[in-house]
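Here's the structure we're looking at; comments come further down.
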Amino acid sequence: MNLFRQKAEEIGKVPNSNDIQQDIDLPSYEIFKKELGRIRESVYLKDIVKEFNDLYKKNKNFCKDCVKDPDSCNENLEVCKQDAKLYFEKYDEIY
């Protein structure tokens, strides 16, 4: 599960089967599924899935709410987020 969490942190979302298959540090998706079950249904991964689903939604809304055009700004999301701490502190109140 630590490798799964690391992958989620690396890509900023819940890894899907393609993300898992393409990462040489992770077991194949078939082995993964056999051991832990389907990603979004796994009782072992439910906390990680919830955490990174929430993070993905926050990041997506952050870009939509940005004054720049998200399709053309090409800014690094992590750099933008550093400048927007208040947005993320108030996110749960807003949404």
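The values are calculated or read from the model by the stated rules, or taken from the named source; none is laboratory data. Computed from a predicted structure; not experimentally measured. Note that each Cβ is placed from the backbone with ideal geometry, even for glycine, and that neighbours are counted across all protein chains shown.
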Practice problem: Look at I24 and say whether it is exposed (fewer than 12 other Cβ atoms within 10 Å of the Cβ), modelled with pLDDT of 90 or more and not acidic (D, E). | Solution: yes
Quiz item: In segment 67-94, which residues are within 23 Å of V14 (Cβ to Cβ) and surrounded by 10 or more Cβ atoms within 10 Å (Cβ to Cβ)?
Solution: P70, L77, C80, K81, A84, Y87, F88, Y91
Quiz item: Among K64, K33, K58, which is the only one that is loosely packed, with under 15 Cβ neighbours inside 10 Å and out of contact with any strand residue (DSSP E or B) (no Cβ under 7 Å at 6 or more places or on another chain)?
Solution: K64
